[in-house]
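Engineer: First the structure, which I've put down as structure tokens, then a few questions once you've had a look.
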């Protein structure tokens, strides 16, 4: 009796390699930063990733799906919730992390472009909202809750207002106006936000 011949996987059923997927995701960030969403193409992404267009289309059916997946994955990572033991320390730490992320060379180009495209594509708008708002709202909600528990803020302190006061000015400067932060800006903003929240 002869041993059974091992079955080969049918053509086209290859497992999607994670290293190729990550190379494509990195290429999307680079392509977005270089040419923007409107001019971004699957061909350009594939060229940057060193793969064929087929490798991209096996994973995403369009550039919109690709960008939505990428932004969604970024949102899932979220910002780390600071836990310094004080409201001022937590606010200052959050500002440091957020300003570092917004000043990243790729993010500083990609985020403004995505905000423009969000006005044209409801799908992008929803995903950008989950990236820029919902994740940070969760972090700020925790900061406010801990500050209330320590007696630093009154019961009923509004996390949505806290997010506006803490991160809003940062987005205004780095994403909308696109001006460098002056020395000591984060310290001044942290003090101002804490004072406003406690008022």
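The values are calculated or read from the model by the stated rules, or taken from the named source; none is laboratory data. All of these numbers come straight from a predicted model, not from anything done at the bench. Neighbour counts are summed over all protein chains in view; Cβ atoms, including those assigned to glycine, are modelled from backbone coordinates with ideal geometry.
Engineer: Could you grab me the full set of residues in the stretch 124-154 that are over 17 Å from residue 193 (Cβ atoms) and touching a helix residue (DSSP H, G or I) at 6+ places or on another chain (Cβ under 6 Å)?
Structural biologist: Scanning the stretch 124-154 gives 124, 125, 127, 128, 130, 131, 135.
Engineer: May I ask you to list the residues in the stretch 86-119 that are in contact (Cβ under 8 Å) with a residue 40 or more places away in the chain and assigned to a loop (DSSP other than H, G, I, E, B)?
Structural biologist: 86, 103 - these are the residues of the stretch 86-119 that are in contact (Cβ under 8 Å) with a residue 40 or more places away in the chain and assigned to a loop (DSSP other than H, G, I, E, B).
Engineer: Now a separate question. Which of the numbered conditions does residue 100 fail, given that it passes all the others? Conditions: (1) closer than 17 Å to residue 187 by Cβ; (2) modelled with pLDDT of 85 or more.
Structural biologist: (2)
Engineer: Surrounded by 15 or more Cβ atoms within 10 Å (Cβ to Cβ) and modelled with pLDDT under 85: which single residue out of 152, 123, 146, 117 fits that description?
Structural biologist: Matching residue, one of 152, 123, 146, 117: 117.
Engineer: Would you please name the residue that is surrounded by the fewest Cβ atoms within 10 Å (Cβ to Cβ), looking only at residues in the stretch 155-199 that are without any contact (Cβ under 8 Å) to a residue 60 or more places away in the chain and on the phi > 0 side of the Ramachandran plot?
Structural biologist: 156
Engineer: Any idea which residue in the stretch 60-77 is nearest to residue 43 (Cα to Cα), counting only those that are in contact with a helix residue (DSSP H, G or I) (Cβ under 7 Å, 6 or more places away or on another chain), modelled with pLDDT of 80 or more and assigned to a helix (DSSP H, G or I)?
Structural biologist: Here the residue is 63.
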